[in-house]
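One structure is given below, encoded as C-alpha cells.
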Amino acid sequence: GGDREARVIVSMQVVQTFSSRTPITRPHAIRLDLFYEVPNYSPPTGDAAEDPDPSKPPPSSTRIVTHSVWTTVQDDVAYVPAAVGLPPPVGVLCNAGDWCYCKTLLDEKTTEFVADRLQDVPSPLSRLLLWEALWEMVRDRQMAPTKFVRLVLEKCESESELSVAECACEHLLVALEYLIPDDTLASFFSLVAEKALLFARTLPNTEAARPVRKLWLSVACHATREWESIRLMLRLLLVHQRLMAGGRAPVTGANVLRVSRSAARRQERERGKLRATRRAERERG
C-alpha cells in the first residue's frame, strides 16, 4: 500500500498461499522488481525550453525502469521493509530473477500495468516471468483465456527476444486448443492466424529476426483454417528454403502445400475429438 499524499510506500506485503494437498508454507528469499515510469529525457532548460528539439520525444513520453528489493517469506504474510519510503511503483514482479521455486500471481494494479506496458519492461527474463504469471492466473481462473490470447497478440508484435515470444506463444496455443469457448473458437483461430501471418510478414529480413519469423509461422500453421490464409503462409514459407527440410534440402511449393493440407485435416480431426470430449464432460457435470 502507499500514502497518496506523501507519495511513498508505507507498507508492502508478500502473501504466500498453499495448495490443499500440501498445506505447508515454505521459506523463500525473494527478489521483487518495482517498475517505474520515468521521462525519456531531461526537461529542457534555458533557450532549449523555448525552442524544443523536434527530434526529441514529447514530455509525456516515458520509459520503464526497475528497482529491486529483497525480502524473506516464512509465513503466510511477509513485509518488505526495503520498499518502505520508496515512491509507489506502477507494477511489482514477485520472484524476479526466478530465484525460488514458487508460483507467482500478479496484483490488480500490476495486471493493469502489464496489459499496458509489458513490452516496455527492459529485462527479457522479467518479461518472460510476467507472461508465466499471467498464464498461472489463467490456470487459476483469475484471467479469461480470451483476454490472455488478445494480450499475446497485442504485446508480442514487437518482441524480439525469442525465448520470451516462445513462452507467450506456447501458452497462447494451449489456450486456443483447450480453453477458448466453442462459440468464439472459430473467430479466435482466424484472429490468431491473421495476426501471426502479419507479424511474420513485417519482421525485418535479418538473421536475428529469422527465428522469430519461424515461430510466428509455426503459430500460423496451428491456427490457420482457411485456404486463403494458407496460400499467404506458403509464400512466406518459401522465403525460408530450408525451413521444412531441417536445413538439408530446399522446400517447394508443392511439398509445403501437401504438408499443410495434411496438417490441416489432422488438426481438424483432433479439434473435433476435443470438442466432443468437452461437450461430454459438460453433460456429465
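Things worth noting here:
- Any chance LEU106 is part of a loop (DSSP other than H, G, I, E, B) and crowded, with 20+ Cβ neighbours inside 10 Å: yes
- Residues in the range 154-167 that are crowded, with 20+ Cβ neighbours inside 10 Å and of a type outside the set (D, E, K, R): CYS156, VAL164, ALA165, CYS167.
Let's see how each residue does on (1) closer than 23 Å to LEU128 by Cβ; (2) in contact with a Ser or Thr (Cβ under 7 Å, 6 or more places away or on another chain):
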residue: GLU166; (1), (2): yes, no
residue: GLU170; (1), (2): yes, no
residue: VAL174; (1), (2): yes, no
residue: ASP183; (1), (2): no, no
residue: ALA193; (1), (2): no, yes
residue: PHE199; (1), (2): yes, no
residue: VAL212; (1), (2): yes, yes
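- Qualifying position, being open to solvent by 70 Å² or more (accessible area, probe 1.4 Å) and among the charged types (D, E, K, R), among GLU207, GLU136: GLU207
- So ALA49, is it open to solvent by less than 60 Å² (accessible area, probe 1.4 Å), modelled with pLDDT under 90 and either in a helix (DSSP H, G or I) or among the hydrophobic types (A, V, I, L, M, F, W, C) (or both): yes
- Pick from the range 182-197, criterion open to solvent by 60 Å² or more (accessible area, probe 1.4 Å) and at pLDDT 90 or above, ranking: nearest to GLU154 (Cα to Cα): LYS195
The values are calculated or read from the model by the stated rules, or taken from the named source; none is laboratory data. These numbers were taken from a predicted model, which means no experiment stands behind them. Neighbour counts run over all protein chains shown; Cβ positions are idealised from the backbone, glycine included. The accessibility values were calculated without ligands, DNA or RNA, using every heavy atom of the protein model including side chains. Shrake-Rupley method; radii C 1.70, N 1.55, O 1.52, S 1.80 Å.
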